[in-house]
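This report refers to the structure that appears directly beneath it.
Only the coordinates and a few stated rules stand behind these numbers; no lab work does. Note that the structure is a prediction, hence the values are computed from the model and not measured. Glycine also receives a Cβ, built like all others from the backbone with ideal geometry; neighbour counts cover every protein chain displayed.
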Amino acid sequence: MRNCPFFAIAGNIILNLFSISVDSLRVAGGILLFSIAFDMMHANISRESITEEEISQSQERADIWVFPIGLPLLTGPGVISTVIVMMGSTESIEQKIIILVSIILTFVICLYTFLFSRRIHKFIGYNGMLVFTRLMGLLLAALAVNLTSIGIIDIFHLTS
């Protein structure tokens, strides 16, 4: 997640450097987010997130937790593209500050989630985690479809 503020601030510069429109990134990011959401809805573990060695080691341990699985998703391409799109879609400095504050608040929420993950797991249980993961996957899929559709509509409006 430490990359998010960098891409929030420098994202438009990078897009301009490569002549990529925010709408193109919106479509690509939406497709990528939908892929992640699809895996979440089916409770699949992304193979890029965790290696076979980590899986075999985790089966021998009594206290496995989600952070090796979750960390690549916290700063992966889906997050980076979403942050760049959000910063590129805002005009006022107040809105950009709100996005940066939201990123920092997300850092804090993730920190506390990781710190208290054992208690959360005991409270909601394994099935509760599966339900929550699938629900969040559905919401992420809706966000992905929204990003993609807005990007496609804006691209066609610019070319018309």
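With a point put 7 Å past each Cα toward its Cβ, work out how far R118 is from L100 in nm, to one decimal.
Label at R118, label at L100, 3.7 nm between them.
Sticking with the crude label model, points 7 Å out along Cα→Cβ, report the distance from T75 to I150 in nm, one decimal please.
Roughly 2.6 nm, to one decimal.
Relative to the compact globular guide of 2.2 N^0.38 Å, what is the alpha carbon radius of gyration of region 77-160, as a ratio?
So region 77-160 has a normalised radius of gyration of 1.44.
Listing F34, F107 from the residue with the fewest other Cβ atoms within 10 Å to the one with the most, what is the order?
Going from least to most buried by this count: F107, F34.
How much length is gained if the chain between L139 and F6 is pulled fully straight, taking 0.36 nm per residue apart and subtracting their Cα-Cα distance, in nm to one decimal?
Numbers: separation 133, 0.36 × 133 = 47.88 nm, distance 2.59 nm.
So the chain would gain 45.3 nm between L139 and F6.
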